[in-house]
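Inspection log for the structure reproduced underneath, given as structure tokens.
The values are calculated or read from the model by the stated rules, or taken from the named source; none is laboratory data. Source: prediction; values computed, not measured. Every residue, glycine as well, gets a Cβ built from its backbone with ideal geometry; the counts of neighbours run over all protein chains shown. The accessibility values were calculated without ligands, DNA or RNA, using every heavy atom of the protein model including side chains. Shrake-Rupley method; radii C 1.70, N 1.55, O 1.52, S 1.80 Å.
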Amino acid sequence: MCEPSLNHHHKNNQWSTAIMPLARSLSVTSLSGLEDWDEEFDLEGAVLFEIAWEVANKVGGIYTVIQTKARLTSEEWGENFFLVGPYMENNVRTQVELIEPINPALRRTIDKMNSSGCKVYFGRWLIEGSPYVVLIDVAFTAWSLDRWKTELWESFSIGVPWFDREANDAVLFGFLTAWLLGEFAAQCEEPPHILAHFHEWLAGLGLMLCRQRRLPVATIFTTHATLLGRYLCAGNVDFYNNLSNFNMDKEAGDRQIYHRYCLERAAAHCAHVFTTVSQITAIEAEHLLKRKPDVVTPNGLNVKKFSAMHEFQNLHAHSKSRIQEFIRGHFYGHLDFNLDKSIFLFIAGRYEFSNKGADLFLEALARVNYLLRVNHCDVTIIVFFIMPARTNNFNVETLKGQAVRKQLWDTAQTVKEKFGKKLYESLLVGQLPDVSNMLDKEDFTMMKRAIFATQRQCQPPICTHNMLEDSSDPILNCLRRIGLFNGSSDRVKVIFHPEFLSSTSPLLPMDYEEFVRGCHLGVFPSYYEPWGYTPAECTVMGIPSISTNLSGFGCFMEEHIADPSAYGIYIVDRRYRSVDESCNQLTSFLFQFCQQSRRQRIIQRNRTERLSDLLDWRYLGRYYVSARHMALAKTFPDTYYYQPQDPTSKQGFRYPRPASVPPSPALSRHSSPHHSEAEDDDDERYDEDLEAEKDRLNIRQPFSLPYRNKNALPYASPASNGNSTPSSATSPPSSITSPPSSVSSEKN
């Protein structure tokens with residue numbers, strides 16, 4: 001399939017430069033069908049501004065999107081790519097190198113704004129790609145807030161209450177970004193092709209002002225999660241079954257976010273191109289914001305490949321051993337289960353008990369606990385809840401556990417050294433050692449004292465910290481209700497860590513990535529999850545995960561994989577099933593996972609890791625390219641041409657089921673860091689390299705970008721009207737995003 005081009009016939013601007021794409025080393029697990037990012041679009045004269053409140057300012061998941069995507073966008077746009085965000089002094093000190101603007105027009109723009117009562121800074125964001133950033137000090141222009149609120153009311157009939165500080169910041173940020181774009185257009189010596197991409201409602205006012213002032217700017221608005229959707233789901237509303245029944249104005253007014261909702265909806269309608277991050281959020285946006293997205297732009301990650309085929313398996317083994325050490329201390333005195341037959345599960349994210357599916361997960365754990373006990377399984381499930389909550393310090397009993405573990409280790413090392421010295425001296429004189437004399441009375445006394453120190457009268461703690469609101473905490477109350485107290489008869493043990501992980505923690509000194517690599521399964525049964533970075537990060541690290549068909553990640557994987565569970569992507573149906581049915585399905589997934597042998601889990605991790613290319617920005621970044629070129633074609637029809645794609649002619653792809661299902665082979669011992677003799681009875685033939693090669697051949701390009709230089713067309717085509725109604729959607733999301741199945745034939 002040939003790659004179309006996007007060109008125009010203006011001369012080079014003096015700040016345009018040619019950027020060479022960075023070379024990429026692919027591992028043997030990479031998918032050959034996903035070609036390197038080597039499209040050569042002629043973007044001279046075009047300038048991209050990407051505007052978001054989370055540029056160099058970490059608040060939530062949008063920060064991760066912008067930070068990880070910056071390298072790819074910088075490679076494509078080079079010196080003509082600028083991120084625009086708020087100036088936060090603490091963040092700038094550690095993340096941004098302030099420099100003078102290289103672009104002459106932008107230098108004049110910033111000088112003009114600074115001389116007019118603003119404070120605008122320019123620099124490089126010290127992340128991958130080192131993109132340019134324009135940072136605006138919104139607090140410095142707070143004196144204009146009342147005047148700009150008046151203009152907002154007169155122009156858009158949107159009133160912002162004085163007490164909503166976040167909305168006030170959005171007003172200041174919106175007017176300043178519109179000022180920046182308008183001034184930049186005026187300072188350019190030749191008419192520029194400016195493209196401005198706005199993220200979320202906090203940046204949306206700038207887009208509305210660009211359209212209202214008729215600036216020569218192509219605009220894109222991306223919503224990562226609708227305001228009203230997040231608020232409604234947090235209120236335990238049957239959201240997805242009542243999307244068409246909500247009175248949006250009333251619901252927003254009842255929650256005192258009507259002004260924010262108006263800003264978000266107006267930005268979506270004013271944009272030349274409206275995008276969202278997943279199909280499920282596209283449906284939500286169509287009902288809540290009353291506009292169907294033109295393009296769905298899934299979130300990606302910068303995938304790092306290892307030169308050794310199974311290096312990630314070795315990292316898993318190393319991280320798992322560190323988690324096991326923590327568990328030995330946490331359960332001291334009650335370590336009546338086999339750690340080598342324990343499965344580590346975790347759930348992580350914002351503490352939204354229902355939205356993140358913690359309620360469903362806990363109910364399923366109670367049922368799995370019953371099944372494991374009834375079936376006399378020797379497997380123990382240890383579950384980590386990594387969700388930040390209000391605490392005042394570490395739990396004393398938890399800290400004591402780690403101290404006892406360390407004391408036991410030191411005692412064992414001391415005795416081992418004395419034993420080894422006596423053994424060495426005995427062998428030196430040519431005699432076999434007398435085992436009864438190897439340990440003296442002092443050694444036995446030391447070991448007995450260490451054993452007595454491990455005795456514990458109480459149950460192992462559930463929470464690692466002292467909770468400020470213990471009696472009203474949703475997770476703790478649910479554990480009390482279902483009766484999971486880390487008892488000796490429980491096959492499911494729970495550890496609630498109400499703080500984000502850190503490598504400097506005295507309790508569990510691991511960063512998040514290292515912890516995830518050491519677990520066996522991530523569980524994210526969310527009810528409201530527009531995308532879901534946590535299961536995506538698991539996939540990239542080769543860790544299986546459980547998601548739902550109400551999360552963007554789950555929908556994306558269902559669309560791309562014929563049998564997701566065979567690749568370690570378990571998807572719970574929370575859209576078309578009752579809560580009890582969804583809980584039973586989650587229970588079934590967890591119980592089946594516990595029945596897998598160690599070798600089956602190793603092979604499943606290999607399969608999971610092979611999906612990482614689907615989540616690489618070098619692949620998913622093409623959806624952003626599609627949105628940008630669509631916006632340029634709508635705004636500058638004399639230069640760019642856009643032809644809507646025929647939905648019936650699209651070519652799709654899906655991974656087939658693996659050649660070996662279920663994952664229970666035995667002949668790929670080279671893929672395992674260690675070998676278990678207990679699994680020698682597995683006689684299913686399996687070839688890791690052959691299966692990986694089949695997966696690589698089953699990937700296909702999802703769609704071709706329908707953009708061309710108008711002069712290169714073999715015939716004249718009518719250009720789209722750049723002044724068309726902003727709210728008109730060019731094509732449904734399904735015609736732009738990854739198409740549904742065309743399942744490849746399965747080879748045995």
**Prompt:** Can you spot a residue in segment 365-380 that is modelled with pLDDT under 95 and among the hydroxyl-bearing types (Ser, Thr, Tyr)?
**Reply:** no
**Item:** Count - residues of segment 107-139 that are surrounded by fewer than 16 Cβ atoms within 10 Å (Cβ to Cβ) and of a type in the set (A, V, I, L, M, F, W, C)
**Value:** 2
**Prompt:** In segment 502-520, which residues are in contact with a Pro (Cβ under 9 Å, 6 or more places away or on another chain), open to solvent by 10 Å² or more (accessible area, probe 1.4 Å) and outside any strand (DSSP E or B)?
**Reply:** Ser503
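Of these, Trp143, Trp153, which one is out of contact with any helix residue (DSSP H, G or I) (no Cβ under 7 Å at 6 or more places or on another chain) and closer than 21 Å to Arg213 by Cα?
Testing whether each residue is out of contact with any helix residue (DSSP H, G or I) (no Cβ under 7 Å at 6 or more places or on another chain) and closer than 21 Å to Arg213 by Cα leaves just Trp153.
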**Prompt:** Does Gln455 satisfy the criteria of being loosely packed, with under 12 Cβ neighbours inside 10 Å, in contact (Cβ under 8 Å) with a residue 12 or more places away in the chain and part of a loop (DSSP other than H, G, I, E, B)?
**Reply:** yes
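The rows are residues; the columns are (1) among the charged types (D, E, K, R); (2) more than 22 Å from Cys262 (Cα to Cα).
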| position | (1), (2) |
| --- | --- |
| Ile62 | no, no |
| Leu106 | no, yes |
| Lys112 | yes, yes |
| Thr141 | no, yes |
| Gly159 | no, no |
**Prompt:** touching a strand residue (DSSP E or B) at 6+ places or on another chain (Cβ under 8 Å), under 23 Å from Gly357 (Cα atoms) and either among the hydroxyl-bearing types (Ser, Thr, Tyr) or at pLDDT 95 or above (or both), is that true of His272?
**Reply:** no
**Request:** Please work out if Gln187 is touching a residue at least 60 places away in the same chain (Cβ under 8 Å) and either open to solvent by less than 10 Å² (accessible area, probe 1.4 Å) or of a type outside the set (Asp, Glu) (or both).
**Result:** yes
**Scope segment 71-101; condition hydrophobic (A, V, I, L, M, F, W, C) and over 28 Å from Gly300 (Cβ atoms); matching residues** = Leu98, Ile99
**Request:** Find the residue count for segment 324-366, including only residues that are in a helix (DSSP H, G or I) and in contact with a Cys (Cβ under 7 Å, 6 or more places away or on another chain).
**Result:** 5
**Message:** Filter segment 243-279 down to the residues that are open to solvent by less than 10 Å² (accessible area, probe 1.4 Å) and closer than 27 Å to Leu195 by Cα and list them by number.
**Reply:** Tyr261, Leu263, Glu264, Ala267, Ala268, Ala271, Val273, Phe274, Thr275, Thr276, Val277, Ser278
**Request:** Report the residue count in segment 619-654 for those that are among the polar types (S, T, N, Q) and modelled with pLDDT of 85 or more.
**Result:** 3
**Fill in**
In segment 420-435, anything surrounded by 11 or more Cβ atoms within 10 Å (Cβ to Cβ) and not in a helix (DSSP H, G or I) is listed as Pro433
**Message:** Need a quick list: strands (runs of 3 or more DSSP E) entirely within segment 536-650 having at least 3 residues that are open to solvent by less than 10 Å² (accessible area, probe 1.4 Å) and closer than 26 Å to Asn299 by Cα.
**Reply:** 545-548
